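Novice: Sharing a structure with you now.
Every number in this text was worked out from the coordinates using simple rules, so none of it is lab data. None of the values given here were measured: they were computed from a predicted structure. No Cβ is skipped: glycine too gets one built from the backbone with ideal geometry, and neighbour counts run over all protein chains shown.
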Amino acid sequence: MLQEVGFNGGVPITEEFFSEKITGGHNEYLCGILFPNWDIERARQFFQDKETMYRRLVSEKVEPVKGLDRLRQWIEKQGLRRAAVTNASRLNVELILSKLKLTDFFEILLLGEECA
């Protein structure tokens, strides 16, 4: 999507750039980092479109890795407490957990967007 809008002169970003500048960043923050010269509404729309694409790809392609169910069962059998902490949006978290059959696995979900 970044290439399509001409970011970085249309040259693909590197893994290093992605890790340093994008990973874990909230979309509102990334608007200013990636598109400082864009109108804020245009940048927000880009990120809304990105989230739509992400959820479509997750719905179509994400599957639990081999052994996940066995690990989940072992953890439950051990009586271990479980929490998930993420900067992902609630919609994305719920979708991923559903796709991985972990909807009821975590006792606590701590989402960055819901923290002060």
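Novice: Exposed loop trypsin sites (Lys or Arg not before Pro) only (DSSP loop, at most 15 other Cβ atoms within 10 Å): please give the longest stretch of the chain free of them, not including the sites.
Specialist: Excluding the exposed sites themselves, the longest stretch runs over 1-65.
Novice: Next question. Within the chain, what's the longest stretch lacking GluC sites (Glu not before Pro) that sit in DSSP loops with no more than 15 other Cβ atoms inside 10 Å?
Specialist: 5-106
Novice: Want the number for E114 to I75: 0.36 nm per residue separation, take away the alpha-carbon distance, what's left?
Specialist: Fully extending the segment from E114 to I75 adds 11.4 nm.
Novice: Can you compute the modelled spin-label distance between S98 and S19, with each label point 7 Å from Cα toward Cβ, in nm?
Specialist: Placing both labels 7 Å along Cα→Cβ, they lie 3.3 nm apart.
Novice: Segment 75-116 to segment 1-36: how many Å between their Cα centroids?
Specialist: One Cα centre to the other: 26 Å.
Novice: Take S89, S98, S19 and order them by how many other Cβ atoms sit within 10 Å, fewest up front.
Specialist: S19, S98, S89
Novice: Compute, for the chain, the length of the dipole vector about the Cα centre, with Cβ point charges of +1 (Lys, Arg) and -1 (Asp, Glu) only. Units Debye, rounded to 20.
Specialist: In total the dipole reaches around 540 debye.
Novice: Next up: If every alpha-carbon in the chain counts as one equal scatterer, what log10 I(q)/I(0) does Debye give at q = 0.11, 0.12, 0.19, 0.21 1/Å?
Specialist: -0.49, -0.57, -1.13, -1.27
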